[in-house]
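A.B. asks: For reference, the structure I am asking about is given below.
None of the figures in this text is laboratory data; all of them are computed from the coordinates on show. Model, not experiment: these values are computed from the prediction. Here the Cβ is made from the backbone with ideal geometry for all residues, glycine too, and neighbour counts use every protein chain on show.
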Amino acid sequence: MDKKPFDSAQGKTTLHAIILLFATLVTFLWVINEKLFYYSLQLSAILLIILIITHRIVKPVTFHLVESTVSTIAILLIVSATGNITSPLFFLNYFLLFELSLLLEPVIPLVLSATLIVFYILTTNLTNWMQLVELAAFPIMTPLAYFFGKIYQKEENQKKEIKNLSKKVEELKEELVEEELK
């Protein structure tokens with residue numbers, strides 16, 4: 001059998017991380033371009049409209065990746081347009097870490113956290129230590145997001161297992177009834 005490199009769980013995690021890194025890079029290139037930066041909020045609105053439309057078209061498993069990518073780009077654009085680290089919407093980055101750990105794999109926030117720190121260092125003129133404190137919150141929030149993602153993933157796996165076991169119980173009950181009727 002031919003196995004594709006991204007079929008395994010580790011491969012999917014790698015693919016998701018690469019896609020989010022690429023999305024962050026594209027957003028970075030958008031933000032540093034003065035002409036494009038002016039249209040950041042409009043692009044965010046367009047992305048959210050695309051997200052709503054793709055929700056109806058794309059399969060749920062694939063939609064998680066689309067939703068995660070659009071969320072990442074939209075949050076970076078909105079926060080960049082409203083003041084970067086000093087933005088009153090900067091806290092959305094923390095929610096983004098939790099969102100990605102729940103929608104994708106729990107390890108994704110580890111990669112994204114480091115990426116966001118680099119993104120904000122490169123796009124912000126750091127003038128005081130309080131701005132560094134904002135960035136220092138990423139390494140503090142990341143383990144929380146990771147553990148929440150792990151717990152959520154474990155719970156989802158348990159739900160699947162319960163569903164499978166319930167099906168087996170029903171099948172065994174049917175077999176037992178058939179044997180009794182013979």
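A.B. asks: Answer with a single label: of (i) 1.41; (ii) 1.34; (iii) 1.03, which was calculated as Cα Rg over 2.2 N^0.38 Å from the structure in view?
C.D. replies: Matching the structure shown: (ii).
A.B. asks: Moving on to the next point. Using the Cα centre as the reference, give the magnitude of the dipole from point charges on the C-beta atoms of segment 9-147 (Lys, Arg: +1; Asp, Glu: -1; all else neutral), rounded to the nearest 20 debye.
C.D. replies: Using only the charged Cβ atoms, the result is roughly 260 debye.
A.B. asks: Given the pairs K12/K160; K59/K150; K12/K150; K35/K59, which span a C-alpha to C-alpha distance of over 25 angstrom in this model?
C.D. replies: Cα-Cα > 25 Å for K35/K59; rest within.
A.B. asks: Here's another thing I want to ask about it. Between T86 and Q153, what length in nm is gained on full extension when 0.36 nm per residue of separation is reduced by their alpha carbon distance?
C.D. replies: 20.8 nm
A.B. asks: Can you list residues from other chains, or at least 5 along the same chain, whose modelled amide H is less than 5 Å from the amide H of F90?
C.D. replies: none
A.B. asks: Kindly identify segment 41-144 as rounded, prolate or oblate by the Cα gyration tensor criterion: order the square roots of the eigenvalues as a ≥ b ≥ c, call it rounded if a/c is under 1.5, otherwise compare a/b with b/c, prolate if a/b is larger, else oblate.
C.D. replies: Numbers: a/c = 2.97, a/b = 1.49, b/c = 1.99.
Taking the square roots of the gyration eigenvalues as a ≥ b ≥ c, segment 41-144 is oblate.
A.B. asks: Just grab the label-to-label distance for L126 and T14, each label 7 Å out from Cα along the Cβ direction, in nm (one decimal).
C.D. replies: It is 3.1 nm.
A.B. asks: Let me ask you something else. R0 = 30 Å: FRET efficiency of I117 with K35, Cβ-based, nearest 0.05? Display every interim value, and only then the final one.
C.D. replies: Numbers: r = 27 Å, r/R0 = 0.88.
Working from the Cβ atoms, E equals 0.70.
A.B. asks: Going through the DSSP H helices of the chain, which span 24 Å or more along their own axis at the Cα atoms while scoring at least 0.5 as a mean Kyte-Doolittle hydropathy?
C.D. replies: Qualifying helices, which must be both long enough and hydrophobic enough, are 9-32, 40-57, 60-81.
A.B. asks: Per DSSP H run of at least 4 residues, take -39500 (n - 2.57); add these up for the chain, divide by its residues and hand me the 222 nm value, nearest 500 deg cm²/dmol.
C.D. replies: -28500 deg cm²/dmol
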